[in-house]
Amino acid sequence: MSVRIALLATCLFGLAATAQAPTSLKAAYHGDFYIGAAINTAQITGEDTRGDAIIAAQFDSISPENCLKWENVHPQPDKYDFNLPDQYVAFGQKNHMFIVGHNLVWHSQTPAWVFHDDKGNLLTRDALLARMRDHIHTVVGRYKGRIQSWDVVNEALNEDGTLRPSLWYKIIGPDYIEKAFEYAHEADPGAQLNYNDYNLENEPKRNGAITLVKQLQAAGIPISTVGIQEHDSLDWPTLDQLNASIEAFGKLGVKVAISELDVDILPRATRQQTADVSVRAAQNPALNPWPNGLPDSVEQQLTKRYADLFGVYLKHREVVNRVTLWGVTDADSWKNDWPVPGRTNYPLLFDRSGKPKPAYDAVLRLASGQ
Ligand code: G3I
């Protein structure tokens, strides 16, 4: 009898284990954090059917890679273009996703007219604040209750943790950040509001972000999340740096979004580890060593790196509320053209043909504890 029971139990547990084995990233991490992808124009419009199938099957959050940046959504003073953003939000709603808005206030991808009057003079503080408020109310207001999280201010810090001397800063003063969060909160009091930046794993910049969050909190400004972008390489950041950053932000009572994850395995073309979009480097075959496929040894390093990173995110699942990959397949990634144009990079979890990579399997296995 007891043998029969034991057999039955083995069968049932076996079946249960089969039924529970996760077959997608979003299922594997359900209950831990959202798994997101930044999506591009072809994916938003439905032209990239292969990419869309991957997004719908694997991810439960999306970020707009470009279509909500100021230059795209608000190219001229009296012209907003909501064609792509409307399709982006509809795509997320159709697939019941956690929808991210990226971004409202950034020094980059913002047209020159934003900062100038008709005669070409720099605006006054009040005029620029009015323009910022109008933009934020128009864009956030349109998607109220549908975009759940906004990157309100993007990349406002220098590497030493001081504030970047952008035109926002120069014209308005340091409180431009406070104002941006205030306006976003007015426009959608229910939305999560995020400060988003790269290199927050480095101590000086992390400390700058901590000071910023504390200042916002002291002023009663509703900041809910810090976005650690995580444009990583194989050796940066160290897991200690990453742990320390997540812990430090967690202690402030905000959540952490891993907001733009990718892992660059190509030789570094710049002296500094950065994700500054204005940086450029010249083409050179030595910087593009694997145009026809990745050697196994490097593939294995990438796989281990992804497993290590997700190990840290899982450890901090109480603080981390989403992990967003910056792209869907390797073919989509900005890393093929930055900082050197025309390289073949391998930074994501799906290869150029849309096939899951060994790194994908490792990330999936990690969640199910196998
Ligand atoms: O759509 C135009 C196309 O019509 C034109 O022919 C072509 C010629 O250059 O440009 C196309 O636009 C490009 C766009 O990507 C879409 O591919 C822009 O030039 C190019 O600047 C833009 O790059 C984006 C970059 O931000 C700047 O906005 C990348 O795709 C995007 O991945 C990258 O994302 C940033 C985050 O927003 C912030 N954090 C860093 C991250 C990586 O740089």
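Per-structure values
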| quantity | calculated |
| --- | --- |
| Relative contact order of the stretch 86-151, defined on C-alpha pairs under 8 angstrom at six or more residues apart (%) | 54 percent |
| The stretch 284-370, relative contact order [Cα under 8 Å, separation at least 6], % | 35 percent |
| Residue-count net charge about Leu266 - beta-carbon cut-off 10 Å; Lys, Arg +1, Asp, Glu -1 | +2 |
| Mean Cβ neighbour count within 10 Å, used as a protection proxy, ranking 353-361, 285-293 highest first | 353-361, 285-293 |
| Net +/- balance of residues flanking Leu252 in space, Cβ distance below 12 Å, scoring K and R +1, D and E -1 | +3 |
| Hits among aspartates and glutamates - C-alpha to C-alpha of Lys357 under 18 Å, sequence gap 8 or more where chains match | Asp52, Asp232, Asp262, Asp264, Asp296, Glu299, Asp308, Asp330, Asp332 |
| Packing-based ranking, highest mean first, of 36-46, 86-96 given that Cβ atoms within 10 Å are counted | 36-46, 86-96 |
| Separation of alpha-carbon centers, the stretch 202-269 and the stretch 292-352, rounded to whole Å | 18 Å |
| Total formal charge among the other residues, if their Cβ is under 12 angstrom from that of Glu203, Lys/Arg +1 and Asp/Glu -1 | -2 |
| Accessible area of Asp117 in the full protein assembly, 1.4 Å probe (Å², nearest 10) | 60 Å² |
| Accessible area of Glu186 in the full protein assembly, 1.4 Å probe (Å², nearest 10) | 90 Å² |
| Solvent-accessible area of Trp338 with every protein chain in place, 1.4 Å probe, in Å² to the nearest 10 | 20 Å² |
| Vicinal HN-Hα couplings computed from phi for the stretch 323-336 (Karplus, 6.51 cos²θ - 1.76 cosθ + 1.60; Hz; Gly/Pro x) | 10, 10, 7, 8, x, 9, 10, 4, 5, 7, 5, 4, 5, 6 |
| Rel. contact order, % - alpha carbon contacts under 8 angstrom, at least six apart, the chain | 17 percent |
| 5 angstrom amide H check on Ala37, placed H, neighbours 5+ away | Ser61, Ile62, Ser63, Leu325 |
| Candidate lysines - alpha carbon under 30 Å from Lys119, same-chain residues fewer than 8 apart omitted | Lys69, Lys79, Lys170, Lys179 |
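The values are calculated or read from the model by the stated rules, or taken from the named source; none is laboratory data. Predicted, not measured: the structure shown is a model, and the values here were computed from it. Cβ coordinates were reconstructed from backbone atoms using ideal geometry, including for glycine residues, and neighbour counts include every protein chain displayed. With ligands, DNA and RNA removed, areas are computed over all heavy atoms of the protein, side chains included. Shrake-Rupley method; radii C 1.70, N 1.55, O 1.52, S 1.80 Å.
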